[in-house]
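Here is the structure we will look at, set down as structure tokens.
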Amino acid sequence: MINDFIKSLSPHQQIGLLFVIVFGLLALATVITVMRTARLSQLLKNQEESDDMVQSHPYQALLKTSWLIVIIFWLSWSMGDRVATVLFGFLSFFALREFMTLSPTKRGDHRSLLLAFFVVLPIQYGLVMTEFFNLFTVFIPVYVFLAIPVVSALSNDPERFLERNAKMQWGIMVCIFGLSHVPAILLLDFPVRAENSFDGKNMFLLFHLVFVVQLCMIVQHLSWRWLKERGRAKAVAPNVSASFSWLSWSIGVAVASFVGGLLSGITPFQYPAQALALSFVACVAGSSGHFVMKAIKRDRGVTHWAGGTRSVTGAEGLLDRIDALCFAAPVFFHTVHWYFDL
């Protein structure tokens, strides 16, 4: 009966219902977290209870991240694909600014920075908006990666030249190239099948990607804490991340991939096994990217991209919230693009 009701709705109404459910679940989780925090604050009398309060912080940060992501995607859906592309363009701008602020630059890098922020970024998102995907996929890895060192060399400052350009290219790759694939998913044209038309439902596919990646990170974190309490959490690279172990990572990827397979009904995939395989690809890419970005933060001597209590972008720790998505989105996009021969 519920399935018949959902099928009777238009694609726009189905996506609207999805957001109503997600916002409802987030609101419920927020109320529970606020009540729990209030109760702990009243019981706060000694150091042991203070530590208990600190343990609730990851969940509060997770809720903030979830609210941010859901609101962004709701705005993207409600305002249309073109507005969504512009919105993610601004996110790329702030993320790149956050990245570069923690990556020391010299006066000779100013031309390259101007090129990245005010030429590369708008062109990349312009290619997304016009659905010029053939150039969109190679513009940054080929043309920009060759152009940036040339512009830097013209500044007549060879000191630490390779290191400075590598940092800039890496920031462009993650913050612009990676994130630009998120709105690109909304513009994919899937083949029309009489038994399962996916026309106008791309937001479901994007929701699928974000959901499985976030679920993977959550389960990985919770399983690590569970393993730590039992003395079985052995970090793979403790100097990079004390909370990354092969077992907790495997649990996170396995659970999120399985759930992604169960959600095949909201994707263009005909069989759960296909959705599971694509979920696995997204989870591996996203969790690996999060791990890599942690290594970069350790190199910079910070635990959060904001670098402290105040963010250099006005959006505290923006990269902490979207780093996994920046890695998962391009891998997921190109895998789907190849699989459906779009």
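The values are calculated or read from the model by the stated rules, or taken from the named source; none is laboratory data. Just so we're clear, the structure is a prediction, and the values are computed from it rather than from any experiment. Note that we place each Cβ from the backbone using ideal geometry, even for glycine, and neighbour counts take in every protein chain shown. We work out accessible area using only protein heavy atoms, side chains counted, and drop any ligands, DNA or RNA first. Shrake-Rupley method; radii C 1.70, N 1.55, O 1.52, S 1.80 Å.
Ordering L262, L63, L227 by accessible area with a probe of 1.4 Å, largest first, what comes out?
L262, L63, L227
Using a simple spin-label model with pseudo-atoms 7 Å out from Cα toward Cβ, N156 and V20 lie 6.6 nm apart. Of the listed residues W226, W246, W67, W338, the order by accessible area with a 1.4 Å probe, largest first, is W338, W246, W226, W67.
Accessible surface computed residue by residue for region 124-226, with neighbouring protein chains in place and a 1.4 Å probe, gives 43 Å² per residue. For region 152-176, backbone nitrogen atoms closer than 19 Å to the point 7 Å from R111 Cα along Cα-to-C-beta are found at 152-169.
Quick check: with the 1.4 Å probe, what order do T267, T137, T130 take by accessible area, largest first?
T130, T137, T267
In a fully extended conformation the segment linking A235 and W170 would gain 20.8 nm over its present Cα-Cα distance, using 0.36 nm per residue. Taking a threshold of 21 Å on the Cα-Cα distance, which of the pairs K106/K167; K64/K294; K167/K297; K64/K228 fall above it? Going by Cα-Cα distance, K64/K228 fall outside the 21 Å limit.
Solvent-accessible area of Y143, all protein chains in place: 130 Å² (probe radius 1.4 Å, heavy atoms, ligands and nucleic acids excluded). Counting heavy atoms of the protein chains alone, M100 has an accessible area of about 20 Å² for a 1.4 Å probe. Backbone geometry of region 219-226 corresponds, through the Karplus equation with coefficients 6.51, -1.76 and 1.60 at θ = phi - 60°, to 3J(HN,Hα) couplings of 5, 4, 5, 5, 5, 5, 5, 5 Hz, x marking Gly and Pro.
Quick one: Debye curve from the C-alpha atoms of region 137-245, no solvent, what's log10 I(q)/I(0) at q = 0.09, 0.12, 0.16, 0.19 Å⁻¹? Debye intensities relative to I(0), on a log10 scale: -0.50, -0.77, -0.93, -0.99. Hydrodynamic analysis of region 111-171 uses the Kirkwood radius over alpha carbon pairs. Inserted into Stokes-Einstein at 4 °C and 1.567 mPa s, it gives a translational diffusion coefficient of 106 µm²/s. Backbone amide hydrogens, once placed in the peptide plane, bring S245 within less than 5 Å of V236, excluding anything fewer than 5 places away on its chain. In region 59-187, the C-alpha radius of gyration followed by the widest Cα-Cα span (Dmax) gives 15.9, 49 angstrom. Only protein heavy atoms count here; under a 1.4 Å probe, D323 has an accessible surface of about 0 Å².
Stretched out straight at 0.36 nm per residue, the stretch from T33 to V292 would grow longer than its current Cα-Cα span by 90.2 nm.
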